[in-house]
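These notes concern the structure reproduced below.
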Amino acid sequence: MAMGLAGLYQPPPARLGQSRPWPDTCLLFRTRGVGTRDQWDPGHIRLSTSPLPASDLDELERRLGFRFLDRSYLSLALIHASYVNENPESGLESNERSEFLGDAVVDLAVGHVLFGGLGGATEGELTAVRSLIVRSETLARAAARLGIGDFLVLGKGERASGGAGRVSNLGDAFEALVGAVFLDRGYQAARDFVVAALEPEIALAMETESPKDPKSRLQELAQANGLGAPVYRILSSDGPDHLRRFTVEAMVAGQASGVGSGARKVDAEREAASRACEALASRVPSSHGRLAAGS
């Protein structure tokens with residue numbers, strides 16, 4: 001099942017009169033025919049001023065390995081809602097809309113790579129592999145490697161409470177940056193950014209032989225030890241409709257065994273199940289340890 005990441009994607013040729021870096025997937029954003037950069041307005045997002053100095057944006061672009069054509073997308077991706085709430089007079093928008101877009105692009109980019117790289121995998125197996133990659137902790141780890149937390153624009157209270165290193169903030173900022181790259185350069189650039197940033201996690205997940213969905217693994221592990229079927233309980237559902245975030249708890253034999261969060265309830269359940277598998281694997285007899293690994 002293992003396969004190198006290079007060469008898994010070959011972009012379609014540009015259509016007559018269409019120039020890169022605007023691939024076919026960005027045609028929805030075209031405003032006035034084919035032409036130069038100023039004929040595009042993807043997302044209608046503009047910041048006249050940035051809360052970050054140009055030197056910080058220079059450094060972040062260096063770390064990302066990506067230079068934006070329009071830095072307003074980059075600036076917007078770094079603005080946490082806490083800063084907007086504490087500074088309403090700024091007139092700034094938070095990164096939540098960019099996060100919403102980036103969440104979809106990350107799913108698509110990872111799914112695209114897996115579809116091309118795991119040709120013999122079933123839909124269920126592809127979904128299971130993707131769930132190992134697209135999760136809050138993984139995205140936060142990628143954000144930490146890039147040092148994104150150093151550039152987050154946070155409210156004073158959020159920063160004082162350690163918000164720059166909070167997993168949820170880092171994961172959300174990573175998605176917002178992916179959304180920014182997509183708006184600035186289109187799908188191909190966003191996909192390349194995602195693959196490069198998540199390369200260790202993608203490579204590891206693709207080497208896993210026929211991984212099972214975390215919920216299936218948890219059910220097998222629990223039943224093999226006479227613990228009955230797991231039960232999932234919604235702890236919270238926060239945010240506006242377009243940015244709903246669910247937090248779910250996996251219960252095994254009446255005990256809380258893992259908590260997960262996600263933009264969809266099923267994603268939160270899978271993350272909770274994965275954590276529960278890890279917790280149970282450390283407590284069950286070694287003869288059943290193989291179930292926790294999905295083998």
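The values are calculated or read from the model by the stated rules, or taken from the named source; none is laboratory data. These figures come from a predicted structure and were not determined experimentally. Because the Cβ atoms are built from the backbone with ideal geometry, glycine has one as well, and the counts that use them run over all protein chains shown.
Pick out the one residue from Gly65, Gly43 that is at pLDDT below 50 and within 26 Å of the chain's Cα centre (by Cα). Steps first, please.
On the way: Gly65 fails: at pLDDT below 50.
Just a single option satisfies the conditions, and that option is Gly43.
For region 191-211, does any single residue satisfy the condition of being surrounded by fewer than 17 Cβ atoms within 10 Å (Cβ to Cβ), part of a helix (DSSP H, G or I) and modelled with pLDDT under 85?
First pass over region 191-211, keeping only residues surrounded by fewer than 17 Cβ atoms within 10 Å (Cβ to Cβ): 196, 199-200, 203-204, 207, 209-210.
The next check asks that each one be part of a helix (DSSP H, G or I); those that pass are 196, 199-200, 203-204, 207.
If we keep only those that are modelled with pLDDT under 85 too, we end up with 207.
There is at least one residue in region 191-211 that is surrounded by fewer than 17 Cβ atoms within 10 Å (Cβ to Cβ), part of a helix (DSSP H, G or I) and modelled with pLDDT under 85.
Select from region 145-156 the residues that are in contact with a His (Cβ under 9 Å, 6 or more places away or on another chain) and either in a helix (DSSP H, G or I) or of a type in the set (Gly, Ala, Ser) (or both) and list them in ascending order. Talk me through it step by step, then tell me what you get.
At the first step, the residues of region 145-156 found to be in contact with a His (Cβ under 9 Å, 6 or more places away or on another chain) are 152-155.
Gly155, the sole residue that qualifies.
Somewhere in region 106-129, is a residue surrounded by 19 or more Cβ atoms within 10 Å (Cβ to Cβ), of a type in the set (S, T, N, Q) and closer than 21 Å to Ala196 by Cα?
No, region 106-129 contains no residue that is surrounded by 19 or more Cβ atoms within 10 Å (Cβ to Cβ), of a type in the set (S, T, N, Q) and closer than 21 Å to Ala196 by Cα.
Please determine, by comparing only the residues of region 124-175 that are free of Cβ contacts under 8 Å to residues at least 24 places away in the same chain and aliphatic (A, V, I, L, M), which one is nearest to Arg97 (Cα to Cα).
By that ranking, first place goes to Ala164.
Looking only at residues in region 88-105 that are free of Cβ contacts under 8 Å to residues at least 40 places away in the same chain and more than 18 Å from the chain's Cα centre (by Cα), which one is surrounded by the most Cβ atoms within 10 Å (Cβ to Cβ)?
For region 88-105, the residue satisfying everything is Ser90.
Determine if region 157-169 includes at least one residue that is surrounded by fewer than 24 Cβ atoms within 10 Å (Cβ to Cβ), at positive phi and outside any helix (DSSP H, G or I).
Taking every residue of region 157-169 in turn, at least one turns out to be surrounded by fewer than 24 Cβ atoms within 10 Å (Cβ to Cβ), at positive phi and outside any helix (DSSP H, G or I).
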